[in-house]
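Shown next, in structure tokens, is the structure this report addresses.
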Amino acid sequence: MRKVAMGLILPAVALIIWELSAINADNAALVPRVGAVIGQLIHPFSDLMGTGSFIRHISFSAVRVIVGFFLAALLGIPLGLWVGRFSRIRQMVNPFVEMLRPLCPIAWIPFALAVFKTTTVADIFGFHYTSSIFGHIQLGMLFVIFYGGFFPVFLNTVHGVQSVKNMHIEQAMLLGAGRKKLFRHVILPSAMPSILTGLRVGLGIAWMVIIAAEMMPGSDAGIGYLIMYSYELAEMDVLLASMVWIGVVGMALGAGLKMVSDKYTFWQARER
Amino acid sequence: MKSVVQIQNVSRTYWNTRGEKVDALSGISLDVSPGELVCLLGPTGCGKTTLLRLVAGLEVPDQGSILLNQEPVTGIRPDVTLVFQQYSLFPWRTVLENVAFGQEMKGTSRAERETSARHYLALTGLSTFEKAYPHELSGGMQQRTALARALAYEPRLLLMDEPFGALDDRTRHRLQSELLEIRQRTRQTILFVTHSIDEAVFLADRIVILRDRPGLIEETISVPVPRPRDRQSKDFTNLHLEIRAILERIIEQSEIKRTLTNE
Ligand SMILES: Nc1ncnc2c1ncn2[C@@H]1O[C@H](COP(=O)(O)OP(=O)(O)OP(=O)(O)O)[C@@H](O)[C@H]1O
Ligand SMILES: [Mg+2]
């Protein structure tokens, strides 16, 4: 109880400062009152400026991130396991990875836009007869989410495989583990905490990148789009409520993955 | 009877990070018969762990050869296992899953391997901890789990590297007695490394005393003390003193050598 109260002090101070500045500015198109933003937040299903509700925009952003990040994990984990296992391949791959890694995924957005235009997943698979969500998953967005999510997943997986204790490998082989079983019963569980850390970091980055990508031209929905659109219409209460939503969803994604990962990594934190 | 292990004139040299040569073992020969319990005894750094790693197939000798059941050792073999000097349980597995690991690798069904694992956990007095994880165990309990895991694998040859080194006297004595009991039932062949004279005299059929730099066999003693062995008996204490004298001589000589080479 005391801990919760302690955690609430800073948010309360922030809200008071905000409210005081809003009263002082007296201009809802610049700094809306706290009440106005809360008014938006408690109506997640109502239409906003003819673009749909918060829930609609959040769903689009979330689906884009989930699809793009799923692809990143789908490639990053196996590739990381493979590269982590063989030093020769690591020598070949490392310089390339180190060159691409510091390149901020957001820097790729214009390039992705130029290459993929506004092609969507629905365009590729030809699902045009229904206006499904696939019509809103732009390839360019998937590309930058993939790019942002891939490196943390890949690099943490490589690191996880490399930090498997030699003693555990020897011990397993001395108890009859062949190559395949060694991989499944020793290398994979040893590397699991690191892989899950990679997933959490990667998902966090993907969630940041998608907001930026949705702010680009050619975007038609999503929480990033909603921020830009409400900015253009000077609907500051919607804009700020969108930002709150980004924080909430980001926190939920992180907490969800953390719950999964705690199940697989509890032994590591307590290892002595 | 044919030997389980034949170590023939084996040498192993390491180069340390400063580029200096370390003769860990130089010309070791040793046979172990089926059902025999041989203790390797020697000062720290004399190459005991190295010898076990060679027999286990984790490393290859620079010279000489090692035969297991008349076949040369070229790598890790399914009928040999090693209990490490350091704790080596898999931290992501429960005690039961750790002990069942070897049978799981052999493809034994879950029910069967858990039954056998429970059997060995009972032998080592860990039954109530089967659902615990290694980090929840004391050092001694971890070492007992490692012992149970090795026994549950049912190897033809069991190698043990100071498995009781980190335990208090009481626990160590209990585990030593348990090991002897288990061995009597299973006729398990064991090559056991220790630096405790007491432990060697209590356990071994034969004690092989090694000297260091270079690592070679100083003396082999067949232990004449009748079983069950009594630590207070005359035979026991006499042999203890005799071996102590040998070890002191070895350590003294290597200290003299060290001061000579340093000058
Ligand atoms: N990988 C290595 N590189 C260099 N030197 C090594 C290596 N492994 C062992 N040595 C050296 O070989 C010698 C024998 O080592 P070993 O571990 O076999 O000793 P030990 O008899 O098991 O000692 P202890 O009783 O302390 O465990 C030591 O002098 C050690 O420094
Ligand atoms: Mg050793």
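The values are calculated or read from the model by the stated rules, or taken from the named source; none is laboratory data. From a predicted model like this one, the values you see are computed outputs, not experimental measurements. Please note: Cβ atoms are built from the backbone with ideal geometry, for glycine as well, and neighbour counts cover all protein chains shown. The area values use the complete protein model at the heavy-atom level, side chains included, leaving out ligands, DNA and RNA. Shrake-Rupley method; radii C 1.70, N 1.55, O 1.52, S 1.80 Å.
Taking 15 Å as the straight-line reach from the Cα of B:K257, the aspartates and glutamates in range (excluding those fewer than 8 positions away in the same chain) are B:D23, B:D212, B:E248. Across the accessible surface of the protein assembly as shown, with the other protein chains kept in place and a 1.4 Å probe, carbon and sulfur atoms take up 61 percent. Taking a straight Cα-Cα cut-off under 14 Å and skipping sequence neighbours fewer than 8 places away in the same chain, the aspartates and glutamates within cross-link reach of A:K165 are A:E271. Accessible surface computed residue by residue for the stretch A:142-272, with neighbouring protein chains in place and a 1.4 Å probe, gives 45 Å² per residue.
Partner lysines whose Cα lies under 18 Å from the Cα of B:K48, excluding those fewer than 8 positions away in the same chain, are identified as B:K21.
Comparing the full protein assembly with the isolated chain, the residues of the stretch A:177-216 losing at least 30 square angstrom of accessible surface (1.4 Å probe) are A:K181, A:H185.
In this simple spin-label approximation, B:S29 and B:S109 carry label points 7 Å from Cα along the Cα→Cβ vector, and these lie 5.0 nm apart.
Shown for the stretch A:133-174: residues covered by the partner protein chains by 50 Å² or more of accessible area relative to the chain by itself (probe radius 1.4 Å), namely A:M167, A:H168, A:E170, A:Q171, A:L174.
DSSP assigns beta bridges within the protein assembly as shown; of those with both partners inside it, close to 55 percent run antiparallel.
Interface between chains A and B: roughly 2300 Å² of accessible area buried, both sides summed (probe 1.4 Å, protein heavy atoms only).
Evaluated at q = 0.17, 0.18, 0.23, 0.26 Å⁻¹, the base-10 log of the normalised Debye intensity for the stretch B:86-154, with identical point scatterers placed on the Cα atoms, takes the values -0.48, -0.54, -0.89, -1.14. Could you state the accessible area per residue of chain B in Å², with a 1.4 Å probe and every protein chain left in place? Accessible surface, normalised per residue, equals 46 Å². Each stretch of four or more DSSP H residues adds -39500 (n - 2.57); spread over every residue of the protein assembly as shown, this sum gives -18500 deg cm²/dmol at 222 nm.
Normalising the average separation of contacting C-alpha pairs (under 8 angstrom, six or more residues apart) by the number of residues puts the relative contact order of chain B at 25 percent.
Can you list the residues of the stretch B:82-107 that have at least 30 square angstrom less accessible area with all protein chains present than in their chain by itself, probe 1.4 Å? Going by heavy-atom accessible area, the residues of the stretch B:82-107 that drop by at least 30 Å² are B:F84, B:S88, B:F90, B:P91, B:W92, B:F101, B:M105.
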